[in-house]
Amino acid sequence: MTATDLDACKRTAALKAVEYVRDGMVLGLGTGSTAKHLLMALGVKVRNGMKLRGVPTSQETADLAAQSGIALLQTDEPWVIDLAIDGADQADPAFNLIKGGGGALLKEKIVAAAAKQFIVMVDYTKQVSVLGGSFPLPVEIVPFGWRSTVRQIENVTQSRALVRERGRAPFRTETGNMIVDVHLAAIEHPRQMETALNQIPGVVETGLFVGRTDLLIVGKPAGAEVLTASRT
Ligand code: 5RP
């Protein structure tokens, strides 16, 4: 499977997700290459007369949404988000996720939590039996005291935690924080892991999205599969 084929699977998932969007909705707009397909497809809907407003989870998404003609809500407005749609890096059989490959996990989680419904789009290679392994868990931390925070993350997870870099400098999120990628062999108990990590002072949020997914849309070469979950 080439990168182009995988991208086609992401597009397939995004086109299916758009079918759940209704006129007048306020959308939570995810970040990443799958979300980009979504925004392009939403642009077609808007050009055909659909009225949509959105809350973007990154500047990149805000720019794409503006190009697609989606009006953006201000960050300090009271939001009523009808539906959030986003990609993910991994999804387990209970539709728990690892997110944050693009570094937007904090805004993504705030928006997903604020939404009445959360739809996740993945290509089929992101479905895993257990989270972790091939994809490290991103954890957002504040810069103050980061070495101490990283050490505590390593103690709690018993795993290697590497500060994400861009160029030779630490990567900074849009909220000015750092990302630590934690190389866990397997996350058998995602909820407990999320709770344990969130108790470390200096940790802002983790890329674990536990019990938040309502609908998982899996893009495959033969089409999109829609899987429904009950929030746990
Ligand atoms: C960004 C994310 C993305 O949703 C995740 O990384 C998937 O990205 P892509 O759709 O490009 O594969 O969590 O923080």
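So what is the relative contact order of the chain, in percent, for Cα pairs below 8 Å that sit 6 or more residues apart? Relative contact order, the chain: 23 percent. The alpha carbon centroids of region 77-153 and region 23-47 are separated by 19 Å. Multiplying the residue separation of ASN48 and VAL80 by 0.36 nm and subtracting their alpha-carbon distance yields 9.1 nm. So with the 1.4 Å probe, I'd like the accessible area per residue for the chain, rounded to whole Å². Per-residue accessible area for the chain comes out at 47 Å². Apolar share of the accessible surface for region 14-103: 51 percent from carbon plus sulfur atoms, 1.4 Å probe. Compared with the alpha-carbon gap, the fully stretched path from VAL130 to HIS189 is longer by 20.3 nm at 0.36 nm per residue.
Cross-link partners for LYS116 among the lysines, with Cα-Cα distance under 25 Å and sequence neighbours closer than 8 places in the same chain left out: LYS10, LYS16, LYS36, LYS45, LYS51, LYS99, LYS107, LYS126. One way to sum up the overall shape of region 49-94 is the equivalent ellipsoid from its Cα gyration tensor, whose semi-axes run 22, 14, 12 Å, largest first. Helix 146-157 and the longest principal axis of the Cα set of the chain meet at an angle near 90°. Computed on the Cα trace of the chain, the radius of gyration divided by the Kirkwood hydrodynamic radius gives Rg/Rh = 0.96. Applying the criteria of a DSSP loop state and at most 13 other Cβ atoms within 10 Å to the trypsin sites (Lys or Arg not before Pro) of region 40-91 yields LYS51. Would you be so kind as to identify which of PRO136, PHE209, ALA104 lies farthest towards the positive end of the dipole of the chain, taking Lys and Arg as +1 and Asp and Glu as -1 on Cβ and the Cα centre as origin? Positive-end residue among those listed: ALA104.
Relative to the compact-globule estimate of 2.2 N^0.38 Å, the Cα radius of gyration of region 137-201 comes out at 1.08.
Per-atom-type breakdown for region 137-201 gives carbon and sulfur 51% of the accessible area (1.4 Å probe, protein chains only). Ignoring the sites themselves, the chain has its longest run without GluC sites (Glu not before Pro) in a DSSP loop having at most 13 other Cβ atoms within 10 Å at 20-187.
Relative contact order, whole percent, for region 1-122 stands at 29, derived from Cα pairs under 8 Å and 6 or more residues apart.
The values are calculated or read from the model by the stated rules, or taken from the named source; none is laboratory data. All values reported here derive from a predicted model rather than from experimental measurement. Positions of Cβ are generated from backbone atoms using ideal geometry, with glycine treated the same way; all protein chains shown enter the neighbour counts. Note: accessible area is taken over every heavy atom of the protein model, side chains too, but ligands, DNA and RNA are not part of it. Shrake-Rupley method; radii C 1.70, N 1.55, O 1.52, S 1.80 Å.
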